[in-house]
Amino acid sequence: MEAAELIELVNKGEDSKAQFKSNVNNETSLAREMVAFSNSGGGRILIGIDDDGSINGLTQEDIHRLNQLISNAASQQVRPPINPITENILTPDGLVLVVTIPDGFSKPYMDKDGIIWVKNGADKRKATAREEIQRLYQSACLIHGDEIPVQGTSVADVDIEYFSKFFEKNFDERLEDQEIPLNEILHNMNLMKDGMLNIAGTLLFAKNSNFKLPMFIVKAVAFPGNDFHESEYLDSRDIEGKIETQFHESKSFIHANLRHIQRDRGVNSVGELEIPPIVFEELIANALIHRDYFISAPIRIFAFSNRVEIVSPGHLPNHLTIENIKSGNSNIRNPILASFATKILPYRGLGSGIVRALKAYPHINFEDDKDGNIFKVTIWREVDG
């Protein structure tokens, strides 16, 4: 980092990615800052800078002492240990030590007392909410949202007729001919644990999944014009039920609120949808399978005159970027759902759905909103005239 870059960073002030310290003497306090950055996307600690952004500078003795303190904190007081990078930056006002803490791959990180710290704006706080801690474990692939048991469920909640058809179609055997009980079959298929269906099992095969998981539905609204309206809409549906039902009804909602275009067909023909149907097949399946099931919120579909938006709870996981997914890369957030989706939906996995959608219709934008913790896909419609 050059001095000019450092000064520009300082001028922006403290935020969730940059923390100012005039000096550091407490190893435990420094370790907590490192833990918070490691759990929250990484950041920099700038030592030798007052809270107001003025540079007070460090001595060479300070630099020597701080490097030892940083090494001890990172290796002995952060669990698991981390590897921060230090740089000495000479500015006109003095020497500044920049400590860069990368986003951690082994979340959640803790201090020596087992406390998990996360960034909260320019400050830090203890992570105490169950869902928040679960998401940290999820980011390290230590737990997945779709494997969480659903309290109050049992084998009695399974839609036996639906599951039997699925079983016979995919295993070429009748369910009633199996020698082991249904709960063992479900357990062996990673759909049940400790006598309870998990989220995947409930969404895939439960009779009334929306009773047990009322927020894991699709809310769809069609508006007149190009803006949101609180009370004025053309169509509104709460789409509930199994994953397969949500997929087909979501697709049906969008199709019902699109135009049919004649193109080269005769005037008496029905015409074809203004946007190829495969686009919504891929994007709806992607939303249902890859949304964050640690977040109790529905998928939202909004149809406007000039666009369709599909908004999924949860930003892209780990280090996945929009450019990654447009190139066909993926990070499977819900591996159980993904494995069954290839048998229930027109879903192929392998990260190819976004590529196919873009190939069929390139007028699609993606927004990875980390602050709002959502992922939004906007499909732009053809405008008359």
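The values are calculated or read from the model by the stated rules, or taken from the named source; none is laboratory data. What you are looking at is a predicted structure, and each value in this text was computed from that prediction instead of being measured. Using ideal geometry, Cβ is built from the backbone for each residue, glycine included, and neighbour counts are taken over all protein chains shown.
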Within the group 85, 63, 45, which residue is assigned by TED's automatic domain parsing to the domain that holds residue 125, touching a helix residue (DSSP H, G or I) at 6+ places or on another chain (Cβ under 7 Å) and free of Cβ contacts under 8 Å to residues at least 60 places away in the same chain? 45
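Residue-by-condition table, conditions (1) in a strand (DSSP E or B); (2) assigned by TED's automatic domain parsing to the domain that holds residue 298; (3) not basic (Lys, Arg):
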residue	(1), (2), (3)
183	no, no, yes
229	no, yes, yes
233	no, yes, yes
236	yes, yes, yes
241	no, yes, yes
245	no, yes, yes
249	no, yes, yes
254	no, yes, yes
Count - residues of segment 304-329 that are touching a helix residue (DSSP H, G or I) at 6+ places or on another chain (Cβ under 7 Å), modelled with pLDDT under 95 and not in a loop (DSSP other than H, G, I, E, B): 2
Given the criterion under 16 Å from residue 151 (Cβ atoms), outside any helix (DSSP H, G or I) and not hydrophobic (A, V, I, L, M, F, W, C), identify the matching residue among 214, 224. 214
Output for segment 353-384, where each listed residue is at pLDDT 90 or above, of a type in the set (Asp, Glu) and more than 20 Å from the chain's Cα centre (by Cα): none
Going through segment 287-345 one residue at a time, which ones are hydroxyl-bearing (Ser, Thr, Tyr), surrounded by fewer than 21 Cβ atoms within 10 Å (Cβ to Cβ) and more than 26 Å from residue 225 (Cα to Cα)? 296, 321, 327, 330, 339, 342
When you scan segment 182-221, how many residues do you find that are without any contact (Cβ under 8 Å) to a residue 12 or more places away in the chain and either touching a His at 6+ places or on another chain (Cβ under 8 Å) or surrounded by fewer than 14 Cβ atoms within 10 Å (Cβ to Cβ) (or both)? 4
Exactly one of 284, 332, 301, 275 is aliphatic (A, V, I, L, M), in contact with a strand residue (DSSP E or B) (Cβ under 8 Å, 6 or more places away or on another chain), closer than 24 Å to residue 216 by Cα and not in a helix (DSSP H, G or I), and that residue is 301
